[in-house]
Amino acid sequence: MRPNLPPKKDSTTQSLRKRFSALQNLPPFFRLVWNTNKSLTLGNILFRLLKSGIPLAMLYIGKEIIDEIIRLLDAGGSQRYLWMMVAAELGLTVFSDILNRLIGLCDSLLGDLVANKTSVDLVHHAARLDLYQFENPVFYDKLERARRQTTSRTVLLSQVLSQMQDILSLLLLGAGLIAFSPWLILILVVAVIPSFLGETHFNERSYSLTRSWTPERRELDYLRYIGASAETAKEIKVFGLEKYLTERFKMLSDKYYLENRKIAISRAFWGYLLAALGTFAYYGAYVFVLFQTISGLLTVGTMTFLSGSFQRMHGMLQGIMSRFSSIAESALYLQDLFDFFAIEPTITANAAGLKIPDPIEKGFRFENVSFKYPDSERWAIRNLSFTLNPNEKLALVGENGAGKTTLVKLLARLYLPTEGQILLDGLPLDAYSLADLRANIGIIFQDFIRYEMTVAENIAVGDIDHRLDEELIADSAQKSLASDVVAQLPAGFQQVLGKRFKDGQELSGGQWQKVALARAYMRNAQLVVLDEPTSALDARAEHEVFQRFSTLIKGKMAVLISHRFSTVRMADRILFLENGTLLEFGSHEELLLLNGKYAELFHLQAQGYL
């Protein structure tokens, strides 16, 4: 699908307005920098302030050296003064080099620290946001744009400080220039402004193009990933997908290239013309200074001072104008980061939330709970009412898309009900501490994450605060049957899993599931939920896992989701969902006597084992 590209032409006024408006992002950015490391920030500013006065001092010393040499040739000068000026110039050169090193060091260290802090803040903020937001492509575009800013925007600090340094140098040089010839300042402004306006216009067009192509660039990154990764290599080869993927990638990348090429060609053409205008203005000013020197109105030293000042100011002003455009562009991109941080979750922690009762006395109760995903007209859960009692094992059954996983996410307050309420011991879930609620619920989803870390770390994510408790990790592995898997690994619990890192070892689907199941035993949760985490196990292995699970969770509540009815029948009660509504509810024997949909599917599945 062709993206909605920005218009080819944008007024310079609108472009400038956007640029100046984007500068409002700089104060919060500098607060971020200041809070990252105050000492490095102050040092950077101080070194740049000292550096800003050096260009004027160097030019003035150069003027004095030339004039003194001419006076010496006319037998009227002082060699002592001449060598003092040469020594001063040498000292300033050495001092300038030291300042450059210090500024570069501060920029590098501070840039790394800001990038690290921004990345940490982004992860923390993302963890606060609602689960449904991560299932929204518009949100993913914002997240992707924000993620790019964590590393690419750190140069903004150096740009802004360099801008301030050059502006101060420019003011000092300008004061010296005005003292001799105010007209040169006017020529200087005329020489630079057209080029600045041109750069501003084309930077705005580049930004608009980049922003409008965010979804397509995400697709390009995705195609690049699936086209060359260990996870997809088998299917790429077996299904012969390489041609399809490369052609799709080439089609998208070529479209972006053609749009970007139009801007690049226009920018090169107009940039040359406007730069040429500045060059002619500069040489016009240079000729003016030469005429004044020939006429005897200026000394040769003053001529070199003025021409040098004009040349420096011309270069600085061009740099300032160009850098302003770059700073404003960076500030526009920086808005993406702040926009992401401005997103607030709807599910928030209750600061005065109650602790979860230990033990839970009445259990969980769904009262006419309905849920639909944002921007969806379809109800995922509709008018659902039931009770999950203490010490009860409840099985959720239904076809794919019936709402089983959605129900579990509502139970853990990963989603909020659209209608109705969920109670725990007679109080709404939002009356309790969100962190304490989730600490008392252990969930292993079917699509659990395979962390390419050590076995111990993969198990410890179930209760990461106890990641150093080797005895608990080993006990959890024993309970989930993962200990048999660990025994086969060269490095045992310290074996890195996956193929991304050196010496990593991949596991089979069933082995991964046993490792993931160990996470459920890591935390001392009052409610344990297994959402089809054993789908990669054969029927015998799954039965063994659930038998062991049933024994080990005595005194706790449990919710089991499985398509195998031989496993489901171990539950105390079974809740059969169809299209998000409660179709049947009861024990295995009661549902068989009901002779409804559950009985039909149970007998159908049983025939497969005859």
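Every number in this text was worked out from the coordinates using simple rules, so none of it is lab data. Everything numeric here is computed off the predicted structure, so don't read it as measured data. Here the Cβ positions follow ideal geometry from the backbone for every residue, glycine too, while neighbour counts run over all protein chains shown.
Compute the label zone of Ile70 within the range 252-286: residues whose backbone N is under 14 Å from the point 7 Å along Cα-to-Cβ.
none
At 0.36 nm per residue, and after removing the present C-alpha to C-alpha distance, how many nm does the segment from Glu89 to Gln311 gain when stretched out fully?
Stretched out fully, the Glu89 to Gln311 stretch lengthens by 78.0 nm.
What list of ³J(HN,Hα) couplings, whole Hz, do you get for the range 457-466 from phi and the Karplus terms 6.51, -1.76, 1.60, once you set θ to phi - 60° and write x for glycine and proline?
5, 4, 6, 5, 4, x, 7, 4, 5, 10
Given the range 286-445, what whole percent of its Cα pairs are spread farther than 29 Å?
Value for the range 286-445: 52 percent of Cα pairs lie more than 29 Å apart.
Using amide H atoms built 1.01 Å from N in the peptide plane, name the residues 5+ places from Thr581, or on other chains, whose amide H lies under 5 Å from its own.
Arg382
Counting other C-beta atoms within 10 Å, which of Arg80, Arg48, Arg564 has the fewest, and how do the rest follow?
By the 10 Å Cβ count, ascending, the order reads Arg80, Arg564, Arg48.
With no solvent and one equal point scatterer per Cα, compute the Debye intensity ratio I(q)/I(0) for the range 15-118 at 0.10, 0.21, 0.22 Å⁻¹ and report its log10, rounded to two decimals.
The computed values of log10 I(q)/I(0) come out as -0.50, -1.04, -1.08.
I'd like to know how the range 24-342 sits against the 2.2 N^0.38 Å rule of thumb: what's its Cα Rg over that expected value?
Scaled against compact globular proteins, the figure is 1.34.
P(r) of the range 477-520 in 5 Å steps, Cα pairs, percent per bin?
With a bin width of 5 Å, the distribution comes to 5, 25, 32, 26, 10, 2.
Looking at the chain from every direction and averaging, what is the projected area of its Cα convex hull in nm²?
38.2 nm²
For the pair His563/Leu168, report the inter-label distance in nm, with labels modelled 7 Å from Cα in the Cβ direction.
6.9 nm
Students often forget the sequence filter, so: which lysines lie under 22 Å Cα-Cα from Lys243 once same-chain residues fewer than 8 apart are removed?
Those lysines meeting the cut-off are Lys234, Lys255.
So what is the calculated 222 nm ellipticity per residue for the chain, using -39500 (n - 2.57) for each DSSP H run with n of 4 or more, over all residues, to the nearest 500 deg cm²/dmol?
-21000 deg cm²/dmol
What FRET efficiency would be calculated for the residue pair Asp465, Thr581, taking the C-beta separation as r and a Förster radius of 35 Å, to the nearest 0.05?
0.35
For labels at Phe249 and Glu219 in the simple 7 Å Cα→Cβ model, what's the distance in nm?
Going by the 7 Å Cα→Cβ label model, 1.6 nm.
What relative contact order, as a whole-number percentage, does the range 24-342 give when Cα pairs under 8 Å and 6 or more residues apart are counted?
After rounding, I find 32 percent.
How large is the charge dipole for the chain, taken about the Cα centre, if only the Cβ atoms of Lys, Arg (+1) and Asp, Glu (-1) carry charge, to the nearest 20 debye?
In total the dipole reaches around 1560 debye.
Could you work out the relative contact order of the chain? I mean the mean sequence separation of Cα pairs under 8 Å and 6+ apart, divided by the number of residues, in percent.
15 percent
Going by how many other beta carbons lie within 10 Å of each one, how would you line up Ser376, Ser587, fewest first?
The fewest-first ordering by Cβ neighbours comes to Ser376, Ser587.
What Kirkwood Rh does the range 223-378 have if only Cα atoms enter the pairwise 1/r average? Answer in Å.
Computed over the range 223-378, the radius equals 24.7 Å.
Just for the chain, what percent of DSSP beta bridges are antiparallel, to the closest 5?
That works out to approximately 50 percent antiparallel.
Compute the length gained on full extension between Leu241 and Asp358: take 0.36 nm times their separation in residues and subtract their Cα-Cα distance, giving the result in nm to one decimal.
36.7 nm
Amide H of Val559: which non-local residues (sequence gap of 5 or more, or other chain) have their own amide H closer than 5 Å, using H built in the peptide plane?
Answer set, sorted by chain and number: Leu394, Val528, Val529, Leu530.
Treating only the Cβ of Lys, Arg, Asp and Glu as charged (+1, +1, -1, -1), what charge dipole size does the range 24-342 show about its Cα centre? Round to the nearest 20 debye.
260 debye
Using 21 Å as the Cα-Cα cut-off, could you pick out the over-long pairs in Lys362/Lys597; Lys479/Lys514; Lys409/Lys479; Lys142/Lys250; Lys362/Lys554; Lys372/Lys597?
Lys362/Lys597; Lys409/Lys479; Lys142/Lys250; Lys372/Lys597
With no solvent and one equal point scatterer per Cα, compute the Debye intensity ratio I(q)/I(0) for the range 447-524 at 0.25 Å⁻¹ and report its log10, rounded to two decimals.
-1.20
Please work out how much length the chain gains when fully extended from Lys502 to Ile347, using 0.36 nm per residue of separation minus the C-alpha to C-alpha distance, in nm with one decimal.
Roughly 51.8 nm would be gained on extension.
Of Lys355, Lys393, Lys117, how do they rank once you tally other Cβ atoms within 10 Å and put the fewest first?
Taking fewest neighbouring Cβ atoms as first place, the list is Lys355, Lys117, Lys393.
Residue by residue through the range 254-261, what is 3J(HN,Hα) from phi via Karplus (6.51 cos²θ - 1.76 cosθ + 1.60, θ = phi - 60°)? Round to whole Hz and write x for glycine and proline.
Coupling constants for the range 254-261: 5, 4, 5, 4, 5, 5, 5, 5 Hz.
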